[in-house]
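Enquirer: Can you read through this structure? Questions will come right after.
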Amino acid sequence: MKLDRANRYTFKYITFPTASSISVILLLWITIFSAVATSLPAPKSTNGTNILSAPKSTNSALSTPKSTDNILPKPKSTKSTNDNLSTSKSTKSTNDSLPTPKSKKSTNDSIPTPKSTNDTNTLPAPKSTNGTNTLPAPKSTNGTNTLPPPNFTNGTNAKQTDRLFVNDITKCPPLPPRAVPATNVRDLRADDIKVVMGLGDSVMAGFGIRVDKLDQIFKNGTDPLDEYRGANFALGGDPDVISIPNILRKFSPNLVGDSKGTHIIEVCYGILCPSNYIPKSDQLNAAQSGAQALNIDKQVNYLIDQLSQRKDIDVKNDWKLATIWFGNNDLCNGCTDIAKQIQFSPDQFESHIRDGLEKLRKNVPRVFVNLMSVFKISQMFEASLKDENCVLGKVAGLFLECQCAFVPGPLGDKSRKAMDDLADQYNERLKNITSDYQEKNFQDFIVSYDPGMENMDLSNASLDLLSGVDCFHPSLLAHERLAKAAWNNIFTQQSQKTSKYDPTVDLPVLCPNEDDRLF
């Protein structure tokens, strides 16, 4: 079988449909299936039901003022010489630092925007009286952000005395060479990571990222079914975007595995998973649009196969950062009792993720897994109502995603409530998985849970955070802000990671020092 000039797959004299044709057919079947599933009665909760809801959090997002700065290299400016440092609210700068304070009562920080007259902050460790850390902002004259380190239980950050946040990643100082290469997954610095990998759904695959408005479709070659792999927050390698690989490359210049460019959608929807990969563009991003937790096995197989073929990767010795994010499509189909019984129960979700992680551990050595939390997708219903075109598109059935979230009326209210309950249960299972792997104390494999999506609030989000393709998927702006937030959380102790990313805020980025480790 080969690809002819018309981009059709042929075998002898038989011609098969292209990937785009298959995708459109599948999407039509998905719409029919979703409509049937969401017409079923919404689940009812009884006192006898064992619902594992996530505990309420009093934590807030790491708050900083909005910024238009880009962390990628940009032209020199004569207006300020301190743009590289995170600063407090001032007429000179619009960014604030994100400290990691000491606290035994809270797992996250609520950081107000301090006043400053010289673009700098020196913040002492705060006292907590109500479970939330509130940092007063004393004045500073030394030009640096000096923060006392949190109480790290594993000792890896015992020497840390300050944390530097910047708006331009090129301003981060280089890390001094390690005396001895890392041999334990709990001792990884940023420069130890040589490979990035990813597993997940359409968000990880970069669907619709670079389409700001619906009228951009079909202009300049833009296709409504394109995945912008190179612009994704976790695996994007396009040079013009802010992504975890592009930040990480500052400290690990020979990093490999990040996705490149754009191509037609790769559809994988539960048992309907026909799409093959395009390794030249996908690289080690195994995510596919529509993927559910059930599909993690196929994605792990792809990574194992690709790693075995890569001559630029020392599979046995290179440390790898794997970002995994499943659950969004499971939520979009699991809002009824019968759907949960068939495929989307918390037990089934947990089982699929555990099986995938264990397969990855047994076949790929030296992996640090960043396991992303599930966010309450029901919020997208209210967010999409802010735009007339979005509303018309949903009503006309032009946007096919997540029927559980977009059912109108009382039935829709019930289905969205069921989705939120299921999201809490999924996150509890992800926490359990993380705890189990951390207790097993493997030397070359660990799972870290990123809770940042748990309490993310989109009520004040603007439409520029949503893709113009469907008013549902995150835009390039949203991906870049998520990249910064996730990067900062990676270097924060598990108990102190924020559980409330705020996509309306443009965060500065942490410059890890020689004592910082991935958590």
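The values are calculated or read from the model by the stated rules, or taken from the named source; none is laboratory data. The structure presented is a predicted model; accordingly, all values stated were derived computationally and were not measured. Here Cβ is always computed from backbone atoms with ideal geometry, including for glycine, and neighbour counts include all displayed protein chains. In case anyone asks, the SASA skips ligands and DNA or RNA and just uses the protein heavy atoms, side chains included. Shrake-Rupley method; radii C 1.70, N 1.55, O 1.52, S 1.80 Å.
Enquirer: If you roll a 1.4 Å probe over the stretch 318-469 with all protein chains in place, what percent of the accessible area is carbon or sulfur?
Expert: 51 percent
Enquirer: Follow-up. Mind ranking 473-479, 361-367 by how tightly packed they are, going by the mean number of other C-beta atoms within 10 angstrom, highest first?
Expert: Ranked from most to least packed, the peptides come out as 473-479, 361-367.
Enquirer: Now, a different point. Given the options H352, I313, I338, identify the residue whose Cα lies farthest towards the positive end of the charge dipole of the stretch 186-510 (+1 on Cβ of Lys, Arg; -1 on Cβ of Asp, Glu).
Expert: Highest projection toward the positive end goes to I313.
Enquirer: Now, a different point. Could you order C332, C273 so the one with the most accessible surface comes first? Probe is 1.4 Å.
Expert: C273, C332
Enquirer: Further question on the same structure: Can you tell me, using C-alpha contacts under 8 Å and at least 6 residues apart, the relative contact order of the stretch 186-510 as a whole percent?
Expert: 21 percent
Enquirer: Give me the mean projected area, in nm² to one decimal, of the convex hull enclosing the Cα positions of the stretch 186-510.
Expert: 15.4 nm²
Enquirer: Also, quick follow-up: Can you give me the C-alpha center-to-center distance between the stretch 303-366 and the stretch 406-444, rounded to a whole angstrom?
Expert: If you average the Cα positions of each part, the centres end up 15 Å apart.
Enquirer: Can you give the Kirkwood hydrodynamic radius of the stretch 363-519 from its Cα pairs, in Å with one decimal?
Expert: 17.4 Å
Enquirer: Taking only protein heavy atoms into account and a 1.4 Å probe, give the accessible area per residue of the stretch 186-510 in Å².
Expert: 34 Å²
Enquirer: Given the pairs K171/K298; K280/K376; K417/K440; K340/K500; K298/K440; K417/K500, which span a C-alpha to C-alpha distance of over 31 angstrom in this model?
Expert: Listed pairs above 31 Å: K171/K298; K280/K376; K417/K440.
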